[in-house]
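Structure first, commentary second.
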Amino acid sequence: MKFKDMPYERIDFAKAEEELRGLMKELQEAKNGEEQFETHKKFYLLNDHVETEATICQIRHTIDTTDEFYEKEQKYYDEQLPAYSNLRVAYQKMLYESPYRETLEEKIGPVAFKNMEIAMKSVSDEVIPLMQEENMLATEYEKLLAGAKIDWEGETLNLSLLTPYLTSADPEVRRKAAEKQNEYFESVSGKLDELYDKLVKNRTEQAKKLGFENYTELGYLRMQRNCYGREEVENLRRQVKEVFVPFAEKLYEKRRQRLGLETMTWSDEQVFGPEGSPQPEGTPEEILAAGQKMYGELSPETREFFDFMMENELMDVFGRKTKAVGGYMTYLPDYKSPFIFANFNGTSGDVDVMTHECGHAFQGYLAAEDPIREHADIGMETAEIHSMSMEFFTEPWYHLFFGEKNTDAYTQMHLEDAVMFVPYGCMVDEFQHEVYDHPEMTPDERKQVWKRLEREYKPHLNYGGLKFFEKGCFWQKQHHIYSYPLYYIDYVIAQLCAFEFKAWMDKDYQEAWKHYLQLCRLSASKFHTELLEEVGLKTPFADGTIQEIVDSLEKLV
């Protein structure tokens, strides 16, 4: 079914909760594990429908943030979902404590039960009002950024539509765009400080009410980290500082020389070379058509997937002034349909949507074949491998987007940018650990922490007089920090795994693709570290893995 034709009906949570309580009663009265599993299949239907309607609302709200109907509906879900989520955890607790647990675990797997254990530790009725407030604060932040009105030579742009000017070949244009962006963030700096301070205090209070010392441990549980913890993450960050930061700094120096600059500022490093960054050829419609040709040739599975996405209009990628910023992939369970949201703006980022977000959506499309819904409950560190690896698997088709002139430059830029991201991603993660370990910090103290981390992870960095960023505020434009706490190291873990796939496909493309498909189909049926081992990847947490990755990449850049 086309997305525009999908009917929307507000979930009556009183009825949904009544139905869920009825299923809980059925679980109690079941005489064996088979009967409980039959009840659990009814839970799948109920929960899928709740998630579908809430997701339709979320998509339509982000497609047009000025739509008053969906704005009110989104507020309704922000208020109602925490209580429903808590009741869902109570249902899962009954499964977890079932006398027929052995039968159920055979059906849905040990990962599901570990995730239930995590969920039970991370919510309670006592924190529902705080979770509701947290949702509303995060929504307020997203709306603040979506509502940016930036004057550009008589035209009013939002942050997404300003992006092409930030990567202009003309250094004066990109400098002016950076100043305009900086001015906007300066104009809302007080509100940004206020919102984040409230979010940190809110999340800390939730953690304390649930028996944790601070939010960090609770955040790990809510990110569903079920097979590794803080120690492994800190070891990864240590290796990145020792091995990856020097490697990335060499690439920044190479970029400075390529640009012919004595001093490279932040607005300069956004572009690949003196002619700017390679831009895709053709209209947005032509980019979509190129994507269809690419996936049609890559494999039978990708051909079927992309045809389904196009036929059912499951991508809203054209930039508009009233859309939310950024991009995402989400899933509509009732229709077994992924959905991609993006803001095409004429830059290479448009092609990234065709590769990265389609990597997510492709895995979601394959996962729909699995009747065990818990297997779709993928940790983000695994989910991002699907997307970041797809960026590399699609390399042979880059010419469809960039033509003969720009394909080599884009291929090189894409690899460079992926390398440069790893230190930044670790910096975002370490910053959040510092913030939630020390929730008493003032807004200014948090900014000092960010400035210190910039010196450790990006020692070359020079903002060139952009005051908002120079004050240690760059992180305030990173919406994950506000809306998805502790969600960022997942990108780093996945990027490192994608580099492993890159090295593999350069030796044997078909063998690498076979194992990538295996990873997609395994979904969350095993723990993250087990998935990597199953498909032949090394975990980035292990000593030496990151050095091996750098050794393989140095041959390519």
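A few points about this structure:
- Taking the longest Cα principal axis of the chain as reference, the axis of helix 300-311 is set at about 90 degrees.
- Once the Cβ-Cβ distance of K121 and D67 is raised to the sixth power relative to R0 = 51 Å, the FRET efficiency obtained is 0.85.
- With an a/c value of 1.5 or above and a/b not larger than b/c for the gyration tensor axes a ≥ b ≥ c computed over the alpha-carbon atoms, the range 213-368 is described as oblate.
- Within the set [x] -0.29, -0.53, -0.87, -1.34; [y] -0.51, -0.74, -0.96, -1.20; [z] -0.27, -0.48, -0.78, -1.17, the number that log10 I(q)/I(0) by the Debye sum over Cα atoms at q = 0.06, 0.08, 0.10, 0.12 Å⁻¹ takes when calculated for this structure is listed as [x].
- Cβ-Cβ FRET estimate between V173 and D5, R0 fixed at 35 Å, reported to 0.05: 0.25
- In this structure, the pairs whose alpha-carbon distance is over 23 Å, taken from K201/K467; K250/K477; K41/K93; K176/K241; K93/K538; K250/K405, are K201/K467; K250/K477; K176/K241; K93/K538; K250/K405.
- A straight line joining the Cα centroids of the range 507-545 and the range 214-266 runs 22 Å.
- Net charge of the neighbourhood of F501, taken over other residues with C-beta under 12 Å away and scored Lys/Arg +1, Asp/Glu -1, is -2.
- Modelled label positions at H438 and E311, each set 7 Å beyond Cα in the direction of Cβ, lie 5.7 nm from each other.
- Under the Karplus curve 6.51 cos²θ - 1.76 cosθ + 1.60, θ = phi - 60°, whole-Hz ³J(HN,Hα) for the range 539-545, x wherever Gly or Pro sits: 6, x, 5, 6, 4, x, 5
- Scoring 139-148, 1-10, 190-199 by mean Cβ neighbours within 10 Å over their residues and listing the highest first yields 139-148, 190-199, 1-10.
- Reachable aspartates and glutamates from K25, criterion Cα separation under 17 angstrom, eight or more residues apart if same chain: E17, E34, E35, E38, E97
- Its DSSP H runs of at least 4 residues, each contributing -39,500 (n - 2.57), put the calculated 222 nm mean residue ellipticity of the chain at -21500 deg cm²/dmol, to the nearest 500.
- Three-way shape call for the range 101-170 based on the alpha-carbon gyration tensor, with the a/c threshold at 1.5: oblate
- Rounded accessible area of R203 (nearest 10 Å², 1.4 Å probe): 0 Å²
- Neighbours of H460 by Cβ distance under 9 Å: Lys/Arg scored +1, Asp/Glu scored -1, total -1.
The values are calculated or read from the model by the stated rules, or taken from the named source; none is laboratory data. Source: prediction; values computed, not measured. All Cβ positions, even for glycine, are placed from backbone atoms using ideal geometry, and neighbour counts span all protein chains on display. All accessible areas refer to the heavy atoms of the entire protein, side chains included, with ligands and DNA or RNA removed. Shrake-Rupley method; radii C 1.70, N 1.55, O 1.52, S 1.80 Å.
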